[in-house]
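Take a look at the structure set out below.
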Amino acid sequence: MDWLIEFPAMDTDRLTALKKTIDLGFRNFTRANGDMFETALYPVQWFMYRVEQLLTSSPWPLVILAFAVIAWLASRSPKITFGVIITLLLIGYFDMWEDTMKTIAMTVVATILAIIVGIPIGILMGRSNKIQAVLNPILDVMQTMPSFVYLIPVVMLLGIGRVPGLIAVMVYAIPPIIRLTNLGIRLVDKDVLEAADAFGSSNWQRLKNVQMPLALPTIMAGVNQTIMMALAMVVVASMIGVQGLGLPVLKAISNQYFTLGIFNGLAIVGIAIIFDRTSQAYGKRLQKHLEVVHG
Amino acid sequence: MVEQSEEIGISVRNLYKIFGPNPEAYIDAVKGGMSKTELNDKHNHVLGLKDINIDMPGGGIQVVMGLSGSGKSTLIRHINRLIDPTIGEVIVGDDDVVKMNENELREFRRHKTAMVFQKFALLPHRTVLENAVYGLEIQGLPREEQEKQARRWITRVGLDGFEDNFPNQLSGGMQQRVGLARALTNDAPILLMDEAFSALDPLIRMDMQTVLLDLQKEIRKTVVFITHDLDEALRLGDRIAILRDGEVVQQGTKQEIVLHPADEYISSFVREVNRGRVISVDMVVKPLSGEPQGMAVKSGTVLEVAAKKMTDSNTSMAHVTDASGKPVGALDIHDVISAMVTPVDHEDAAA
């Protein structure tokens with residue numbers, strides 16, 4: 001009755017052979033194509049480098065001012081703008097300025113990439129049930145797969161460093177923007193779409209004038225989620241050589257430096273709150289036309 | 001009615017619409033007399049429209065009336081092909097809308113039709129002005145021209161000063177004025193109105209009907225107006241078609257429908273109608289015998305007005321005059337009043 005207690009698994013030799021074949025296949029693929037990917041990602045690397053340079057080598061008062069202005073333009077809320085300034089001053093005072101700027105650079109670039117790639121995919125998904133049926137399970141896998149697993153193929157393909165980290169972060173953070181773009185487009189009022197058709201809108205005019213503007217608040221919720229996921233992944237990505245606030249956290253875990261861990265953790269919380277409140281306030285402002293209702 | 005060059009008639013011919021996964025398969029059966037119930041119960045397809053034939057003259061208001069589920073909204077959507085027919089023809093001017101390809105259809109919708117919707121269907125993120133220019137913006141006109149046209153119509157429907165408001169800030173009646181302004185700004189010869197006033201309060205609805213009738217005197221568009229309200233149909237319609245279960249049960253002028261309802265279904269509707277406001281003196285006029293007597297009443301005057309004029313001047317006889325003022329018949333107050341009060345029964349009307 002052994003086979004009832006022990007699961008009759010594939011025998012070890014065959015399993016090993018299977019894993020080896022897949023690994024070897026992928027390794028050959030990366031050897032053959034790794035350089036090509038690196039070349040293709042060169043613009044991303046350049047962009048990433050410039051953003052990081054800009055944030056780390058500019059005078060800190062200027063950087064704080066810039067963040068305050070962006071927060072003000074997005075939210076028009078003195079409370080949020082003031083919060084941004086205080087948070088950044090505290091982070092600087094506790095000597096985490098440079099790491100924080102690196103993390104912000106990584107998060108911003110990953111989010112921009114996720115938006116550039118994710119919104120068109122979300123639009124396609126919103127327009128076709130077939131594409132939705134194919135993409136939905138893939139997104140499910142992406143969202144439930146442990147985040148560490150993302151690192152493996154990326155490292156094999158691109159090695160360690162900033163750009164592989166960026167790609168891992170982007171891939172991890174992209175599902176919400178795709179899903180919520182899809183949802184936003186599908187939630188657009190059928191009557192309004194019919195009106196757009198009745199006036200002879202082309203597909204592009206329909207998308208530009210009706211679907212995108214009406215889906216925008218939902219898409220902004222997706223952007224907000226994507227930023228939060230990117231921030232979470234930035235810490236994990238420090239394992240493959242991404243600099244920033246994740247690295248001290250990693251060091252704190254392996255050496256049991258409690259305070260170091262807490263400080264850097266709190267800095268991440270701080271910038272998470274900045275991003276979250278600012279992007280949410282911006283999303284709300286986009287819905288201004290819905291607020292004033294005829295009584 | 002003087003025919004103007006831009007007045008385009010619409011003619012719907014042998015139009016069938018069956019909803020379901022495989023509508024073509026049941027066309028012959030439906031033509032052969034399969035009922036809506038049988039099609040639904042046994043074959044899981046819904047018969048939307050059955051053998052519709054309506055000729056809508058250019059420059060007039062054609063009302064399509066029916067209760068919910070009668071297929072009237074489906075029918076109006078065939079005119080600009082928001083819904084494709086299963087078979088049939090929709091001839092607008094000289095073109096069959098059903099045969100148009102995607103590009104032709106888009107151009108047709110841009111330049112030949114404009115539509116007003118029951119639930120307004122305004123763009124909530126755009127102001128009144130930005131909503132009104134929508135049709136012209138789609139056509140790619142210069143912005144100045146768009147706004148010039150839009151402002152003119154916004155003023156004409158009585159929304160002056162609300163150009164920069166969002167639809168959400170306006171009442172239902174005002175939102176539908178925006179819908180009307182948007183459609184009129186498009187300056188298309190055909191105006192499709194799908195239960196345009198049904199969502200409004202009765203008083204505002206009356207008000208909007210007046211706006212439409214006033215506008216129609218100057219714009220002379222071919223208006224197709226869908227409604228479930230007989231009073232609205234009688235007030236607006238030059239011609240009325242009544243739909244029931246996807247079939248036209250009667251069509252004609254309002255007087256024809258009120259005086260000669262085709263069946264029990266329609267006579268049950270028209271029994272409640274204020275006949276004095278619908279029937280004109282031409283229906284009760286008698287041939288002139290000798291000299292025209294009493295006062296002159298213009299041809300086309302409704303009974304209520306004629307009765308009031310005659311009682312005011314205390315006369316029991318009058319004569320009807322045509323457009324040039326020539327007497328064409330004699331009018332007896334007795335006939336006028338009896339035509340106003342007689343309840344219409346299907347049996348009587350048929351007799």
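Observations on the structure shown:
- Of note, residue B:197 does not satisfy the criterion of being part of a loop (DSSP other than H, G, I, E, B), within 11 Å of chain A (Cβ to nearest Cβ) and either under 25 Å from the mean Cα position of the chain (by Cα) or modelled with pLDDT of 90 or more (or both).
- Residue check, residue A:213 touching a Gly at 6+ places or on another chain (Cβ under 9 Å) and either touching a residue at least 60 places away in the same chain (Cβ under 8 Å) or facing chain B (nearest Cβ under 7 Å) (or both): no
- Matching entry among B:77, B:81, B:126 (being touching a Leu at 6+ places or on another chain (Cβ under 7 Å), within 14 Å of another protein chain (Cβ to nearest Cβ) and among the charged types (D, E, K, R)): B:81
- Residue count, segment B:81-120 (criterion: under 23 Å from residue B:213 (Cβ atoms) and not charged (D, E, K, R)): 7
- Any hit, segment B:159-168, residues being part of a helix (DSSP H, G or I) and more than 21 Å from the chain's Cα centre (by Cα): yes
- Residues of segment B:165-191 satisfying the condition of being charged (D, E, K, R), more than 11 Å from chain A (Cβ to nearest Cβ) and more than 22 Å from residue B:57 (Cα to Cα): B:177
- Unique match (being of a type in the set (A, V, I, L, M), out of contact with any strand residue (DSSP E or B) (no Cβ under 7 Å at 6 or more places or on another chain) and in a loop (DSSP other than H, G, I, E, B)) among A:223, A:242: A:242
- Residue match in segment A:249-261 (condition: within 17 Å of residue A:104 (Cα to Cα) and either surrounded by fewer than 18 Cβ atoms within 10 Å (Cβ to Cβ) or touching a helix residue (DSSP H, G or I) at 6+ places or on another chain (Cβ under 8 Å) (or both)): yes
- Count of segment B:103-112 residues which are more than 7 Å from every other protein chain (Cβ to nearest Cβ) and under 18 Å from residue B:75 (Cβ atoms): 3
- Taking segment B:181-194 as the range and being in contact with a Phe, Trp or Tyr (Cβ under 8 Å, 6 or more places away or on another chain) and assigned to a helix (DSSP H, G or I) as the test, the residues that pass are B:181, B:182, B:184, B:185.
- Candidates are the residues of segment A:1-56 that are modelled with pLDDT of 90 or more and small (Gly, Ala, Ser); the one that is farthest from residue A:107 (Cα to Cα) is A:17.
- Taken together, A:281, A:232 contain a single residue that is at pLDDT below 95 and either closer than 30 Å to residue A:150 by Cβ or in contact with a Cys (Cβ under 7 Å, 6 or more places away or on another chain) (or both), which is A:232.
- Helices (runs of 4 or more DSSP H) lying entirely in segment A:124-219 (those with 3 or more residues that are at pLDDT 90 or above): A:129-144, A:162-186, A:190-198, A:203-206
- Of all residues in segment B:322-337, those satisfying the criterion of being in a loop (DSSP other than H, G, I, E, B), under 31 Å from the mean Cα position of the chain (by Cα) and over 13 Å from residue B:285 (Cβ atoms) are B:323, B:324, B:325.
- Selection status of residue A:200, within 14 Å of chain B (Cβ to nearest Cβ), on the phi > 0 side of the Ramachandran plot and crowded, with 22+ Cβ neighbours inside 10 Å: yes
- Residue match in segment A:28-37 (condition: surrounded by fewer than 10 Cβ atoms within 10 Å (Cβ to Cβ) and either in contact with a helix residue (DSSP H, G or I) (Cβ under 6 Å, 6 or more places away or on another chain) or free of Cβ contacts under 8 Å to residues at least 12 places away in the same chain (or both)): yes
- In segment B:309-322, the residues that are out of contact with any strand residue (DSSP E or B) (no Cβ under 8 Å at 6 or more places or on another chain) and either exposed (fewer than 10 other Cβ atoms within 10 Å of the Cβ) or among the small types (Gly, Ala, Ser) (or both): B:312, B:314
- Odd one out for residue A:96, checked against (1) farther than 20 Å from residue A:177 by Cβ; (2) surrounded by 20 or more Cβ atoms within 10 Å (Cβ to Cβ); (3) modelled with pLDDT of 95 or more: (3)
- Residues within segment B:129-142 that are within 9 Å of chain A (Cβ to nearest Cβ) and surrounded by fewer than 23 Cβ atoms within 10 Å (Cβ to Cβ), tallied: 3
- Against the conditions (1) under 15 Å from residue B:78 (Cβ atoms); (2) in contact (Cβ under 8 Å) with a residue 40 or more places away in the chain, residue B:24 satisfies every one except (1).
This table checks each residue for (1) more than 25 Å from residue A:34 (Cα to Cα); (2) out of contact with any helix residue (DSSP H, G or I) (no Cβ under 7 Å at 6 or more places or on another chain); (3) without any contact (Cβ under 8 Å) to a residue 60 or more places away in the chain.
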{"site": "A:99", "(1), (2), (3)": "yes, no, no"}
{"site": "A:102", "(1), (2), (3)": "yes, no, no"}
{"site": "A:111", "(1), (2), (3)": "no, no, no"}
{"site": "A:134", "(1), (2), (3)": "yes, yes, yes"}
{"site": "A:140", "(1), (2), (3)": "yes, yes, yes"}
{"site": "A:146", "(1), (2), (3)": "no, yes, yes"}
{"site": "A:157", "(1), (2), (3)": "no, no, no"}
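The values are calculated or read from the model by the stated rules, or taken from the named source; none is laboratory data. The structure presented is a predicted model; accordingly, all values stated were derived computationally and were not measured. Neighbour counts run over all protein chains shown; Cβ positions are idealised from the backbone, glycine included.
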